[in-house]
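First comes the structure, then the notes that go with it.
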Amino acid sequence: MAVCEQCGLAHRWNPLAPGAVARCVRCAAVVGRGHRFGFDAVLALTVTAAVAFLIAMGTAVIEVRLRGAAVAASIPEAVLIAWSEGQRLVALAVAVTAILAPALFIGLRLYVLLPLARGCLAPGFAICVRALHHATRWNMLQVFTIGALLSLVRLAGLADASPGPALFALGALTLLFAAIESAGLKHLWWHVR
Ligand SMILES: [Zn+2]
């Protein structure tokens, strides 16, 4: 079922052709859209996102050169440095927005999508899809990426700073997440039936 957000009328949900728009029969508000990405495309995007996430975690975000010495830190290293220097709130905020939330978002998607690709349901499917609905809302990687870019611009005025591979991976991840989110979650339920 799909419920109109404007007037509350319930409609029977049918799969839509890519690019098609379903409107409420009573008030003509948009109830659903036929997404351009099918199941296979979303799975491929999610696997790509997992690879980009590993690169973003394992390589340097920002490389700084000061008097000949180069310093580079990955995101997990930056979290540990901030924590050990007493900036616990910053460490926690970065750990949640840049590590935990994206890991949960990718992990849950893969957990749900991979068994579906083989035609079976992951245990706890319904709970996972609902958790994904919330994880999508709390995914604030864009905020972190912009923050990292801003500090890079600031640092560039003080020292010889350049973006590391992780920053490019984060940029790619932001776009991948937007593409995956645009496909919504309804197609998962449709794939089950
Ligand atoms: Zn309506």
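Each value in this text was obtained by applying a stated rule to the coordinates, not by laboratory testing. For clarity, every value in this text was computed on a predicted model and none was experimentally measured. Backbone-built Cβ (ideal geometry, glycine too); neighbour counts: all protein chains shown.
Before moving on, here are some points about what is shown:
- Hydrodynamic radius by Kirkwood, which averages 1/r over all alpha carbon pairs of the stretch 1-102, in angstrom: 17.9 Å
- Size of electric dipole in the stretch 1-125: Cβ of Lys, Arg +1 and of Asp, Glu -1, about Cα centre, debye, nearest 20: 420 debye
- Computed with the Debye formula from one identical point scatterer per Cα of the chain, without solvent, the log10 of I(q)/I(0) at q = 0.09, 0.12, 0.13, 0.14 Å⁻¹ comes to -0.44, -0.70, -0.78, -0.86.
- Span-rule helices in the chain, defined as complete DSSP H runs reaching 15 Å or more along the axis (Cα) with Kyte mean at least -1.0: 39-58, 101-117, 125-138, 141-158, 165-182
- Only helices enter this figure: runs of n ≥ 4 DSSP H residues, each worth -39500 (n - 2.57), summed and divided by the residues of the chain, yield -18500 deg cm²/dmol at 222 nm to the nearest 500.
- Projecting the Cα atoms of Leu89, Ile62, Tyr111 onto the dipole axis of the stretch 20-148, where Lys and Arg carry +1 and Asp and Glu carry -1 at the beta carbon, places Tyr111 farthest toward the positive end.
- The stretch 36-127: relative contact order as a whole-number percent, Cα under 8 Å and 6+ apart: 23 percent
- Leading residue at positive end of dipole, the chain (Cβ point charges), from His134, His11, Thr46: His11
- Length-normalised contact order of the chain in % [C-alpha pairs under 8 Å, at least 6 apart]: 26 percent
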